[in-house]
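The block underneath contains the structure these notes are about, expressed in structure tokens.
What follows draws every value from the coordinates through simple rules; no lab data is involved. Quick caveat, the model's predicted, so the values are computed rather than measured. Please note: Cβ atoms are built from the backbone with ideal geometry, for glycine as well, and neighbour counts cover all protein chains shown.
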Amino acid sequence: MFVAKVTGAVVSTQKVAAMVGFKLLVVEPYRVENKDRRSLVTTGRTLIAVDTLGAGPNDFVLVTQGSSARLTPETKNMPTDAVIVGILDQVHVGGDCVYTRQNEEASSSGT
Amino acid sequence: MFVAKVTGAVVSTQKVAAMVGFKLLVVEPYRVENKDRRSLVTTGRTLIAVDTLGAGPNDFVLVTQGSSARLTPETKNMPTDAVIVGILDQVHVGGDCVYTRQNEEASSSGT
Amino acid sequence: MFVAKVTGAVVSTQKVAAMVGFKLLVVEPYRVENKDRRSLVTTGRTLIAVDTLGAGPNDFVLVTQGSSARLTPETKNMPTDAVIVGILDQVHVGGDCVYTRQNEEASSSGT
Amino acid sequence: MFVAKVTGAVVSTQKVAAMVGFKLLVVEPYRVENKDRRSLVTTGRTLIAVDTLGAGPNDFVLVTQGSSARLTPETKNMPTDAVIVGILDQVHVGGDCVYTRQNEEASSSGT
Amino acid sequence: MFVAKVTGAVVSTQKVAAMVGFKLLVVEPYRVENKDRRSLVTTGRTLIAVDTLGAGPNDFVLVTQGSSARLTPETKNMPTDAVIVGILDQVHVGGDCVYTRQNEEASSSGT
């Protein structure tokens with residue numbers, strides 16, 4: 001799994017039937033910053049993940065890839081290879097808290 | 001999953017029986033541009049995906065990889081690890097619309 | 001899946017029983033050239049794939065990875081994660097034909 | 001599998017039900033240093049893995065990815081793609097011992 | 001699959017029960033050298049694979065990744081994503097033999 005920031009969403013009307021009705025979010029994987037190691041920085045990659053938890057823009061989430069993405073009740077028959085399995089409250093690295101979720105109500109008010 | 005642009009197709013007469021009759025498209029994964037973050041740019045990678053939706057050249061599509069590529073009705077017994085699961089209408093990043101599908105009739109008129 | 005060039009083969013006498021009798025080819029994944037986009041260039045990577053189609057040196061082939069590599073009749077119980085599922089006749093990108101198979105008889109005369 | 005250093009943990013209250021109650025550690029994959037080959041160095045990547053063995057900060061662990069991450073008794077129905085399958089005591093490369101676990105009691109006293 | 005050189009081993013006493021008693025080798029993936037194409041060179045990556053064939057230090061082996069790593073009789077219930085499926089005798093690229101196993105008895109005398 002990896003930590004990613006929710007930065008957007010995609011719209012697709014013409015899609016495989018099993019995917020209709022699901023939110024498809026743009027997620028960008030993050031990593032620990034190499035030098036001071038006190039923050040998370042983007043890896044520069046862009047993926048799309050199914051969201052069943054109601055993640056909002058700028059939330060940091062935990063993403064599962066591969067066949068395990070079908071191990072949630074909602075995704076079990078879906079041709080997806082990435083699903084959001086948790087919305088992160090905090091990320092701790094080397095004794096420091098490098099991410100804390102702020103203002104949850106505001107951040108979940110739209111995608 | 002990832003966002004990719006359809007840029008071509010492959011022709012193969014000598015292939016595994018389960019793949020006969022399916023369209024095999026050249027797809028190039030895209031990512032959010034790092035600086036202004038208002039466009040999608042190519043990752044420089046090239047993959048081949050099965051298409052069951054009728055995607056055309058220059059369409060942006062959603063591609064599923066791995067065993068999940070066999071979770072569509074058409075691909076369930078096929079030795080493929082990549083399938084197009086949606087044709088994208090729009091991609092939104094950071095509040096901006098970074099892609100809108102244009103002129104659908106024209107773009108789907110050939111591969 | 002990806003497009004790869006067959007460039008060699010490996011010999012292994014001491015191997016897992018299920019793999020005895022199968023041809024194991026050296027394949028190098030190719031991608032669309034970034035600038036003129038009129039040719040395929042190597043990615044610099046090297047993989048080994050099971051061949052059940054009789055691909056020869058310098059053939060461009062379509063390779064499936066992961067569990068889907070076990071979805072051909074010959075490979076279903078084999079511990080392989082890569083199989084050649086098609087020998088390519090042509091690859092089209094952006095309206096151009098960037099690869100055409102030539103002289104099939106000559107190219108399939110050895111590995 | 002790969003060797004990784006445990007460097008932190010994530011906290012998530014809003015997550016898929018099957019993941020409740022499991023420790024989710026930040027792990028950074030390491031590789032053999034290229035020149036002297038007498039140490040392990042970070043690859044710069046950051047992943048999150050389920051821990052069922054009680055690994056602590058700075059421990060080097062063995063991580064399994066993909067569907068095989070569901071092959072432990074605790075993770076079999078969990079939508080995870082990474083699990084810690086061993087805490088490493090030693091890593092040997094080229095005749096040298098490039099890592100020895102030290103002071104186990106201290107290192108396992110917190111995350 | 002990929003070609004890798006066996007360069008070491010890991011020791012882990014605290015591990016998932018299904019992995020007890022198996023040899024876990026350090027393997028470094030190799031690729032064809034880009035210019036003269038007459039040798040194999042390291043990719044700089046480091047992985048750990050289960051060995052059931054008795055591979056020794058400096059042997060070049062064939063490694064299978066992902067769920068297919070569980071398709072050998074010994075590994076079928078094991079949470080591993082990488083297994084050695086063959087010890088290589090020769091690797092041929094472009095008509096040249098770029099690797100020949102030498103002095104098997106000596107090389108298999110220890111890990």
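Report the trypsin sites (Lys or Arg not before Pro) located in region D:25-56 that are in a DSSP loop and have at most 10 other Cβ atoms inside 10 Å of their Cβ, or state none.
D:LYS35
Placing a label point 7 Å from Cα toward Cβ, how far apart in nm is A:PHE22 from its equivalents in the other copies, listed shortest first to one decimal?
1.8, 1.8, 3.0, 3.0
Which net charge results when you count Lys and Arg as +1 and Asp and Glu as -1 among the other residues whose beta-carbon is under 9 Å from that of A:PHE22?
Values: positive: A:LYS23; negative: A:ASP51, A:GLU74.
Around A:PHE22, the charge tally is -1.
Please list, ordered by chain and number, the residues whose modelled amide H lies under 5 Å from the amide H of C:SER12; skip anything fewer than 5 residues away on the same chain.
Counting only residues 5 or more places away or on other chains, the set is E:ASP89.
May I ask you to evaluate 6.51 cos²θ - 1.76 cosθ + 1.60, the Karplus curve with θ = phi - 60°, for each residue of region A:31-46 and list the ³J(HN,Hα) values in order in whole Hz, giving x for glycine and proline?
Listing the rounded values in order: 9, 5, 5, 5, 8, 6, 6, 10, 8, 9, 10, 5, 8, x, 8, 10 Hz.
Taking the rotation axis that maps chain B onto chain C, which residue of B brings its Cβ closest to that axis, and at what distance in whole Å?
B:SER67, 4
Once you have all Cα-Cα distances for the protein assembly as shown, histogram them in 10 Å bins from zero and send the whole-percent values.
P(r) over the protein assembly as shown, rounded to whole percents: 4, 18, 28, 28, 18, 5, 0.
If each label sits 7 angstrom from Cα along the C-beta direction, how far apart, in nm, is C:GLY94 from its counterparts in the other copies?
Once sorted, the set of distances for C:GLY94 reads 2.7, 2.7, 4.3, 4.3 nm.
When a/c reaches 1.5 or more, the comparison of a/b and b/c decides; with that in mind, is region C:10-58 rounded, prolate or oblate per its Cα gyration tensor?
Values: a/c = 4.21, a/b = 2.74, b/c = 1.54.
Verdict is prolate for region C:10-58.
So if I place +1 on the C-beta of Lys and Arg and -1 on the C-beta of Asp and Glu, and nothing else carries charge, what would the dipole magnitude of region D:2-107 be about its Cα centre? I want it in debye, nearest 20.
Values: 11 positive and 11 negative charges, 67 e Å.
Its charge dipole is roughly 320 debye.
Name the residues whose placed amide hydrogens come within less than 5 Å of the amide hydrogen of E:THR52, ignoring near sequence neighbours (fewer than 5 apart) on the same chain.
It is E:ILE84, by chain and number.
Normalised by the residues of chain E, what does the relative contact order come to in percent, with Cα pairs under 8 Å and at least six apart?
Working: 225 pairs, mean separation 30.0, N = 111.
About 27 percent, as a whole number.
Rounded to whole Hz and in sequence order, give me ³J(HN,Hα) for region A:47-59 from the Karplus expression 6.51 cos²θ - 1.76 cosθ + 1.60, θ = phi - 60°, writing x for Gly and Pro.
Taking θ as phi minus 60°, the curve returns 10, 10, 10, 6, 10, 10, 10, x, 5, x, x, 6, 5 Hz for region A:47-59.
Rounded to whole Hz and in sequence order, give me ³J(HN,Hα) for region A:61-73 from the Karplus expression 6.51 cos²θ - 1.76 cosθ + 1.60, θ = phi - 60°, writing x for Gly and Pro.
Values per residue, Gly and Pro as x: 10, 9, 10, 9, 10, x, 4, 5, 5, 9, 8, 9, x Hz.
Using a simple charge model, +1 on the beta-carbon of Lys and Arg, -1 on the beta-carbon of Asp and Glu, nothing else, what dipole does the protein assembly as shown show about its Cα centre, in debye to the nearest 20?
On the way: 55 positive and 55 negative charges, 15 e Å.
Around 80 debye, computed over the protein assembly as shown.
May I ask you to report, in nm to one decimal and beginning with the shortest, the distances from C:THR42 to the same position in the other copies, taking label points 7 Å along Cα-to-Cβ?
When each copy's label point is compared with this one, the spacings are 2.1, 2.1, 3.3, 3.3 nm.
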